[in-house]
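Q: Let me give you the structure first, and then I'll get to my questions.
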């Protein structure tokens, strides 16, 4: 309800109530007055009738008396009348309607005023003496009729008054509501437009509304003042923010540059560390195959396992930094899961034997033969989980189970009987550099990155990793990863043996382009040991010259070489082959274990690639696959 | 001649009054008693001239002229009555006696000459004359009592009343059937 309506209602209600009360009072007063007037009228009529009938009474003329009484019928409302003698006895009577039961007292009564009858009794006097009494009874029909008329008139007056009041109120309510409405409009406008220069009018009224308007204007003025100050403040703040932002931007840029430098540093470290590691591992392997004493063999074996461990740690750190940088990507190929698991588990045989625990793996029979995924990264997950389990298990067993969940989800679980993990650590166990507690690190060693890498890789594959564990009883790590299945018809072809035995290949003429002397020595030693003939060059250009000079079956091409690098040399070889129609197998040889690098090599024309440091088996496998290239025209993948 | 005068020149007011006002529990009044009561009541409806030779506090004198049952009943009835505060005095009178100081006279006289004398004297003295029979009012009396259907009634000759300077109340006249005014009052004296 608006103020206008409220004021209007108030005005109407008060004046309406006043009119009603006045009318009601008037009605009541009028009604009582009518009774009094009627009583007086009846008295007059009685006096007249009495005077007229005094002679008739005196002479006992009943007929004349009746006539005189009958004249009272002229007065509406009179229902009965009677004359009484001086001693009070009834002398003559009159009833308006013949045969009505209107009661007429037999002896002179006293005047009464009842709810529906008013009676009067007057003495009849003759020469100052009472000659008799006259009695008149009247009903109230006349009063009721007049009351109805008065009521109708009052209702008409009330309606008319209310109408006039309404018209007046319409005009008068404006005195109160108009300034309030104007103030409300102004307030609304101020709120909507935030224009604090607006002012409400009518502040000079001199009443409370005027004071309200005045105060409102004062408030708005204050707000205007505040706003102006705020604006000044805001501009200052904005300048400050801009300054800070540019500082932050430059800081961020610096940080990004630093981060990039770090990444580059790590990539270089990868290469720089792997290369000598390649030499250490390779040479140790070669030394172990020579005729050494048992003592020397013991030392060399420690060197070999230490180098392996070091390589693992370095790989973990590199993988982790790549994952952190978001640079790790998957390399999906078709692979046999069961065979891959078998291969992986073989690695743990010696370690389990050392710790005197059993390592059991069970692969479900219903696993699909071939899946599409990244077998290298899957292997990394399994190695991390199983390695972790072995590390924390002193006695008992470690069980690896591989099963197929609903759909194409492969569920791998690793259960151990180790020290277990408290429930509150379950969530944090997959975080970076986190082991169950700091003392664990001291006791069991390790970078603490294994589970983090496993977790990150699982997530990368769209899978889920979780742990169930009871401290003192053991732990169970679960990985559920969705894989794409290879259609059955293709499986038949691809299930052929991919890597023939190395000794069946026969002697090959191998051109080794490698600038690093250690790596070159290692590779050429390994190749020669299985009967290949090796020609060693140290630049890409020398490799091209060698190829021009003589025939080769295979080129092992290092990517990073002075003068002309491996990629350039490979591309030139392929260009010259386009003229001759020949195709020599080229294996790229690199310390860059990155997927995008591999793509670059293959784009340049390499048939396969080998990441340093490599094991003798890996070297022989890739050579064998290149050998089969010429015969089957199938491009196998090697890693 | 006088007969003609009585019937043509005298206005006649004939009123019929019901006799036996009510069924009284006690013994009903006799006709003379009713007539006596009427005589008394007539006194209440008549005004006398102010210059009459009677004081306001003087006794109200009624003279009864003549003999008869009604005369006796009237004398008896009026005894010890009052008119307002004035005591009633009833006297027996004679036809040739002066009516000075008298207010009303009940007349029983059969001789026309004597009656003429009494009525003329009464008119001159402002005396209300009341008599019996149909002829009384027609012969110059003011009020004549008569009986019809066993009921007492009365005639009022307003001309006679005027001649005596009496004012008869209209209320009394209302109890008569008709009022006729004489054309020429003085003609009756010729």
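The values are calculated or read from the model by the stated rules, or taken from the named source; none is laboratory data. A quick note: this is a predicted structure, and the numbers were derived from the prediction, not measured. When we count neighbours, we look across all protein chains shown, and the Cβ atoms used for this are built from the backbone with ideal geometry, even at glycine.
Q: Output the qualifying pairs, or none if there are none: Cβ atoms under 8 angstrom, residues six or more apart or on different chains, first residue in the range A:41-54 and surrounded by fewer than 24 Cβ atoms within 10 Å (Cβ to Cβ), second residue in a helix (DSSP H, G or I).
A: A:45/A:72; A:51/B:171; A:52/A:68; A:52/A:71; A:52/B:171
Q: Of all residues in the range A:36-61, which are within 14 Å of another protein chain (Cβ to nearest Cβ), part of a helix (DSSP H, G or I) and in contact with a helix residue (DSSP H, G or I) (Cβ under 8 Å, 6 or more places away or on another chain)?
A: Hits for the range A:36-61 are A:49, A:51, A:52, A:53, A:54, A:55, A:56, A:57, A:58.
Q: Residues of the range B:95-114 being in contact with a strand residue (DSSP E or B) (Cβ under 7 Å, 6 or more places away or on another chain) and at pLDDT 85 or above, which ones?
A: Within the range B:95-114, B:102, B:103, B:104, B:105, B:106, B:107, B:108 meet the criteria.
Table: residues versus (1) modelled with pLDDT of 80 or more; (2) in contact with a helix residue (DSSP H, G or I) (Cβ under 9 Å, 6 or more places away or on another chain); (3) assigned to a helix (DSSP H, G or I); (4) within 21 Å of residue A:2 (Cα to Cα).
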site: A:170; (1), (2), (3), (4): yes, yes, yes, yes
site: A:187; (1), (2), (3), (4): yes, yes, yes, yes
site: A:190; (1), (2), (3), (4): yes, yes, yes, yes
site: A:197; (1), (2), (3), (4): yes, yes, no, no
site: A:209; (1), (2), (3), (4): yes, yes, yes, yes
site: A:212; (1), (2), (3), (4): yes, yes, yes, yes
site: A:216; (1), (2), (3), (4): yes, yes, yes, yes
site: A:225; (1), (2), (3), (4): yes, no, yes, no
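Yes or no, residue by residue, for (1) modelled with pLDDT of 85 or more; (2) surrounded by fewer than 16 Cβ atoms within 10 Å (Cβ to Cβ); (3) farther than 30 Å from residue A:19 by Cβ:
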position	(1), (2), (3)
A:161	yes, no, no
A:167	yes, yes, no
A:178	no, yes, no
A:220	yes, no, yes
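Q: Right, another one. Take the conditions in a loop (DSSP other than H, G, I, E, B), more than 42 Å from the chain's Cα centre (by Cα) and either exposed (fewer than 12 other Cβ atoms within 10 Å of the Cβ) or assigned by TED's automatic domain parsing to the domain that holds residue A:414 (or both) and apply them to residue A:352. Does it pass? Can you show your working first?
A: Values: in a loop (DSSP other than H, G, I, E, B): no; more than 42 Å from the chain's Cα centre (by Cα): yes; either exposed (fewer than 12 other Cβ atoms within 10 Å of the Cβ) or assigned by TED's automatic domain parsing to the domain that holds residue A:414 (or both): yes.
Judged against the criteria, residue A:352 is not a match.
Q: Can you name every residue in the range A:340-349 that is surrounded by fewer than 18 Cβ atoms within 10 Å (Cβ to Cβ), closer than 28 Å to residue A:459 by Cα and either out of contact with any helix residue (DSSP H, G or I) (no Cβ under 9 Å at 6 or more places or on another chain) or touching a residue at least 40 places away in the same chain (Cβ under 8 Å) (or both)?
A: A:342, A:346
Q: Give the residue, chosen from A:398, A:386, A:382, that is over 25 Å from residue A:613 (Cα atoms), surrounded by 15 or more Cβ atoms within 10 Å (Cβ to Cβ) and modelled with pLDDT of 80 or more.
A: Values: A:386 fails: over 25 Å from residue A:613 (Cα atoms); A:382 fails: over 25 Å from residue A:613 (Cα atoms).
Exactly one of A:398, A:386, A:382 is over 25 Å from residue A:613 (Cα atoms), surrounded by 15 or more Cβ atoms within 10 Å (Cβ to Cβ) and modelled with pLDDT of 80 or more, namely A:398.
Q: Could you list, ordered by first residue, the pairs with Cβ atoms under 8 Å in which the first is in the range B:68-85 and within 14 Å of another protein chain (Cβ to nearest Cβ) and the second is part of a loop (DSSP other than H, G, I, E, B) and at pLDDT below 90, at least 6 apart or interchain?
A: B:83/A:127; B:84/A:127; B:84/A:128; B:85/B:57
Q: Of the residues in the range B:153-170, how many are within 14 Å of chain A (Cβ to nearest Cβ) and either surrounded by 21 or more Cβ atoms within 10 Å (Cβ to Cβ) or free of Cβ contacts under 8 Å to residues at least 24 places away in the same chain (or both)?
A: 6
Q: Still on this model: Please state which one of A:150, A:171 is surrounded by fewer than 13 Cβ atoms within 10 Å (Cβ to Cβ), away from chain B (no Cβ under 14 Å), under 30 Å from residue A:11 (Cβ atoms) and out of contact with any strand residue (DSSP E or B) (no Cβ under 6 Å at 6 or more places or on another chain). Steps first, answer last, please.
A: Working: A:150 fails: surrounded by fewer than 13 Cβ atoms within 10 Å (Cβ to Cβ).
Selected residue: A:171, the only one of A:150, A:171 that is surrounded by fewer than 13 Cβ atoms within 10 Å (Cβ to Cβ), away from chain B (no Cβ under 14 Å), under 30 Å from residue A:11 (Cβ atoms) and out of contact with any strand residue (DSSP E or B) (no Cβ under 6 Å at 6 or more places or on another chain).
Q: Check the range A:517-534 and report whether any residue there is surrounded by 15 or more Cβ atoms within 10 Å (Cβ to Cβ), assigned by TED's automatic domain parsing to the domain that holds residue A:571 and over 23 Å from residue A:290 (Cα atoms). Outline the logic, then answer.
A: If we filter the range A:517-534 for residues that are surrounded by 15 or more Cβ atoms within 10 Å (Cβ to Cβ), which is where we start, we get A:518-527, A:530, A:532, A:534.
From the residues that got through so far, the ones that are assigned by TED's automatic domain parsing to the domain that holds residue A:571 too are A:518-527, A:530, A:532, A:534.
Right, trim to over 23 Å from residue A:290 (Cα atoms) and you get none.
No; the residues of the range A:517-534 include none that is surrounded by 15 or more Cβ atoms within 10 Å (Cβ to Cβ), assigned by TED's automatic domain parsing to the domain that holds residue A:571 and over 23 Å from residue A:290 (Cα atoms).
Q: Which condition from (1) free of Cβ contacts under 8 Å to residues at least 60 places away in the same chain; (2) in contact with a strand residue (DSSP E or B) (Cβ under 9 Å, 6 or more places away or on another chain) is the one that residue A:18 breaks?
A: That leaves (2) as the condition not met.
Q: Now, a different point. Any idea which of A:389, A:365, A:358 is in contact with a helix residue (DSSP H, G or I) (Cβ under 8 Å, 6 or more places away or on another chain) and over 24 Å from residue A:281 (Cα atoms)? Break it down into steps so the answer makes sense when it comes.
A: Working: A:389 fails: in contact with a helix residue (DSSP H, G or I) (Cβ under 8 Å, 6 or more places away or on another chain); A:365 fails: in contact with a helix residue (DSSP H, G or I) (Cβ under 8 Å, 6 or more places away or on another chain).
Only one candidate passes the filter, namely A:358.
Q: Specify which of the listed residues (B:67, B:132, B:148) is in contact with a helix residue (DSSP H, G or I) (Cβ under 8 Å, 6 or more places away or on another chain), within 22 Å of residue B:30 (Cα to Cα) and modelled with pLDDT under 90. Explain how you work it out, then say what you get.
A: On the way: B:67 fails: in contact with a helix residue (DSSP H, G or I) (Cβ under 8 Å, 6 or more places away or on another chain); B:148 fails: in contact with a helix residue (DSSP H, G or I) (Cβ under 8 Å, 6 or more places away or on another chain).
Matching residue, one of B:67, B:132, B:148: B:132.
Q: Would you point out which residue out of B:39, B:90 is more than 14 Å from every other protein chain (Cβ to nearest Cβ), within 16 Å of the chain's Cα centre (by Cα) and at pLDDT 85 or above?
A: On the way: B:39 fails: more than 14 Å from every other protein chain (Cβ to nearest Cβ).
Selected residue: B:90, the only one of B:39, B:90 that is more than 14 Å from every other protein chain (Cβ to nearest Cβ), within 16 Å of the chain's Cα centre (by Cα) and at pLDDT 85 or above.
Q: Can you tell me which residue is surrounded by the most Cβ atoms within 10 Å (Cβ to Cβ) among those in the range A:66-97 that are in a helix (DSSP H, G or I) and more than 10 Å from chain B (Cβ to nearest Cβ)?
A: So the first thing to find is which residues in the range A:66-97 are in a helix (DSSP H, G or I), and the list is A:66-74.
When the remaining residues are screened for being more than 10 Å from chain B (Cβ to nearest Cβ), the result is A:66, A:69-74.
Values: A:66: 16, A:69: 25, A:70: 14, A:71: 16, A:72: 21, A:73: 14, A:74: 8.
Selected residue: A:69.
Q: If you check every pair at least six apart or on different chains, which have Cβ atoms under 8 Å apart with a residue in the range A:96-109 that is modelled with pLDDT of 85 or more first and a residue that is surrounded by 15 or more Cβ atoms within 10 Å (Cβ to Cβ) and assigned to a loop (DSSP other than H, G, I, E, B) second?
A: Sorted first by the residue in the range A:96-109, then by its partner, the pairs are A:96/A:102.
Q: Does residue A:329 satisfy the criteria of being touching a residue at least 12 places away in the same chain (Cβ under 8 Å) and at negative phi? Before you say what the answer is, go through the steps one by one.
A: Working: touching a residue at least 12 places away in the same chain (Cβ under 8 Å): yes; at negative phi: yes.
Judged against the criteria, residue A:329 is a match.
Q: Given the criterion in the same structural domain as residue A:453 (by TED's automatic domain parsing) and at pLDDT below 85, identify the matching residue among A:416, A:374, A:343. Step through it out loud before you land on a result.
A: Working: A:416 fails: at pLDDT below 85; A:374 fails: at pLDDT below 85.
Selected residue: A:343, the only one of A:416, A:374, A:343 that is in the same structural domain as residue A:453 (by TED's automatic domain parsing) and at pLDDT below 85.
Q: Another question about this same structure. Only one of (1) in contact (Cβ under 8 Å) with a residue 60 or more places away in the chain; (2) outside any helix (DSSP H, G or I); (3) within 15 Å of residue A:412 (Cα to Cα) fails for residue A:366. Which number is that?
A: (1)
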